[in-house]
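Just so you know, all these numbers are worked out from the coordinates, no wet-lab data involved. Bear in mind that the values here come from a model prediction, so they are computed numbers and not experimental data. Please note: Cβ atoms are built from the backbone with ideal geometry, for glycine as well, and neighbour counts cover all protein chains shown.
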């Protein structure tokens, strides 16, 4: 399978992009429901293959470090 890679500053033909209908997902942890919505985005290749799109992003310098906490960490912790 081939991927679509778009280098930084290169013109991209958006008319080739297909965005499927949104899908809502729900994750339940304890008494809380977490909901998010996504759409599948791709370019159609040969024989109807759905090719993922990757974009090169500009380099970014970070001025500070942020901690990462597990998604399920309670407020008390």
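By the gyration tensor of its Cα atoms, with a ≥ b ≥ c the square roots of the eigenvalues, what is the shape of the chain: rounded for a/c under 1.5, prolate for a/b over b/c, or oblate?
oblate
Beta carbons within 10 angstrom, averaged per residue: use that to sort the peptides 38-49, 20-31, highest first.
The peptides rank, most packed first, as 38-49, 20-31.
Give the order of 64, 16 when sorted by the count of other beta carbons within 10 angstrom, beginning with the fewest.
Fewest-to-most ranking of 64, 16: 64, 16.
Quote the FRET efficiency, to the nearest 0.05, computed for residue 26 versus residue 53 with a Förster distance R0 of 25 Å and r equal to the Cβ-Cβ distance.
0.40
Remind me, relative contact order of the chain in percent, using alpha carbon pairs under 8 angstrom and six or more residues apart?
So the answer I get is 34 percent.
Express as a percent, rounded to the nearest 5, the fraction of DSSP beta bridges in the range 4-55 (both residues included) that run antiparallel.
Taking every DSSP beta bridge within the range 4-55, about 80 percent pair in antiparallel fashion.
If you stretched the chain out fully between residue 33 and residue 8, how much longer would it get, using 0.36 nm times the residue separation minus the C-alpha to C-alpha distance?
5.2 nm
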